[in-house]
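The values are calculated or read from the model by the stated rules, or taken from the named source; none is laboratory data. None of the values given here were measured: they were computed from a predicted structure. Positions of Cβ are generated from backbone atoms using ideal geometry, with glycine treated the same way; all protein chains shown enter the neighbour counts. Quick note on the areas: whole protein, heavy atoms, side chains included, nothing else; ligands and nucleic acids left out. Shrake-Rupley method; radii C 1.70, N 1.55, O 1.52, S 1.80 Å.
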2 protein chains.
Amino acid sequence: MHINAGPTLDPLPCTGARLRRLTRRTTAFYEHYLRDLDLRLTQYSLLRHLGSAPQALTELADRLEMDRTTLTRGLRPLIRQAWVEESRGSDARMRLYRLTPDGVAMRERAEVRWAEAQHALEQALGREFTDQLNQRLEEALALLKPALPENN
Amino acid sequence: MHINAGPTLDPLPCTGARLRRLTRRTTAFYEHYLRDLDLRLTQYSLLRHLGSAPQALTELADRLEMDRTTLTRGLRPLIRQAWVEESRGSDARMRLYRLTPDGVAMRERAEVRWAEAQHALEQALGREFTDQLNQRLEEALALLKPALPENN
DNA sequence: TGCTATAAAGTGCATATGCACATAAATGCC
DNA sequence: GGCATTTATGTGCATATGCACTTTATAGCA
């Protein structure tokens, strides 16, 4: 039994908190479909952004707009599963990553599940609403890029 | 120097990945303003949802729509700073949490910064766009609530 | 009164996230 | 060629996130 079981939910004046909240729920939605592949949404995203051609860590981080160090560690499970292979190029500082054949196969299996999830999401939200939401998110991403003075 | 420095960014057909991406960037935006208070956005959110009246963990988790166990650990730093106090009620299973006077003071200081951040965000995105984005996020949250069969 | 079912919470595990700091290799001058 | 600077990456630390499993306490019923 709860104490102080007040009104349902606060109006949430904070856009950031609202985003985090929706992201939590949406991630759970997708991961429900990826579950028996034992794949997280982020990991699927990595598979999707990797190819058979070796790619440098920083390059990948830029494309995904993720922190470099998050990626370093996020790639490790994929390497452990032998879906991704690390190699070195002429520049001995760089780490290059590419999908293995197993990784390509896994990505294909995952894409089926992802498509199911995406479809189900569009069903739940309505196709038009989803498009508009995607639009807004994309727009916000573009507008927010130069918004932090320190990041320039 | 990068290898395979292809086109800028993929169109991102995945709504979930887009959400995660925007959330990362937006969180960084807010946390820039909270930085010298050494407060994360999530922690600010906790302070905002706590009061002087003791609240049970599960009740708080429901209100924030966060996982109970995430909350258990998320509250610890706040307790360590003595902004939040844990207590027990008549039901010996429950943990009750409330803001200490220091916690109230901290919340007030943080609200100033939060307001600056929110205002700056609305500047960056445009006021109208922000309202519409908030609207969509709220709508999506409402629509997604019953969307996972397993969650019923 | 006991026994069972349920409810509240904690813990272990595995990622996800990003900052500050450290290291190593390549670059650019002089 | 040799040294200062820049670049690519790794590591330590502290949260954030959520699932599976465990523990403890209350509730409900025979």
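Structure notes:
- Shape class for the protein assembly as shown, computed from the alpha carbon gyration tensor (a ≥ b ≥ c): prolate, with a/c not under 1.5 and a/b above b/c.
- FRET efficiency for B:Ala105 and A:Lys145, using Cβ-Cβ distance with R0 set to 25 Å, rounded to 0.05: 0.10
- GNM flexibility winner over chain A from A:Arg109, A:Arg80, A:Arg98 (Cα, springs under 10 Å): A:Arg80
- Helical contribution to [θ] at 222 nm, DSSP H n ≥ 4, -39,500 (n - 2.57), averaged over chain B, rounded to 500: -20000 deg cm²/dmol
- Neighbouring partner chain Cβ atoms per residue of A:130-136, average, 10 Å criterion: 5
- Were the residues from A:Arg76 through A:Glu138 laid out at 0.36 nm apart, the gain over their Cα-Cα distance would be 19.4 nm.
- Loss of accessible area when A meets B, both sides summed, Å² nearest 100, probe 1.4 Å: 6800 Å²
- Electrostatic bookkeeping for A:Leu99 treats Lys and Arg as +1 and Asp and Glu as -1; over the other residues with beta carbon under 14 Å from its beta carbon, the sum is -1.
- Residue and whole-Å distance for the chain A Cβ lying nearest the axis of the A-onto-B rotation are A:Thr23, 2.
- Neighbouring Cβ atoms from other chains, within 10 Å of the Cβ of residues in B:50-63, number 3 on average.
- Taking the chain by itself as reference, region B:15-30 contains these residues with an accessible-area loss of 50 Å² or more in the full protein complex (1.4 Å probe, heavy atoms): B:Thr15, B:Arg18, B:Leu19, B:Arg20, B:Arg21, B:Leu22, B:Thr23, B:Arg24, B:Arg25, B:Phe29.
- For A:99-112, mean number of other protein chain Cβ atoms within 10 Å: 0
- Intensity falloff of region B:38-144 expressed as log10 I(q)/I(0), Debye formula with alpha-carbon point scatterers, at q = 0.13, 0.16, 0.18, 0.24 Å⁻¹: -0.58, -0.81, -0.95, -1.25
- Sorted from closest to farthest, the other copies place their B:Leu37 label points 4.1 nm away, with each point set 7 Å from Cα along Cα→Cβ.
- GNM top mover of B:Ala105, B:Ala82, B:Ala92 - chain B, alpha-carbon springs below 10 Å: B:Ala92
- Element breakdown for region B:12-93 at a 1.4 angstrom probe: carbon and sulfur atoms account for 45% of the accessible area.
- Length available on full extension from A:Asp91 to A:Glu128: 0.36 nm per residue minus the Cα-Cα distance, which gives 8.6 nm.
- Per-copy distances of the B:Gly89 label point, shortest first, in nm (7 angstrom along Cα→Cβ): 6.0
- At 7 Å out from Cα toward Cβ: A:Glu128 inter-copy label distances (nm, ascending): 2.0
- Heavy-atom accessible surface of the protein assembly as shown, averaged per residue, reaches 53 Å², computed with a 1.4 Å probe.
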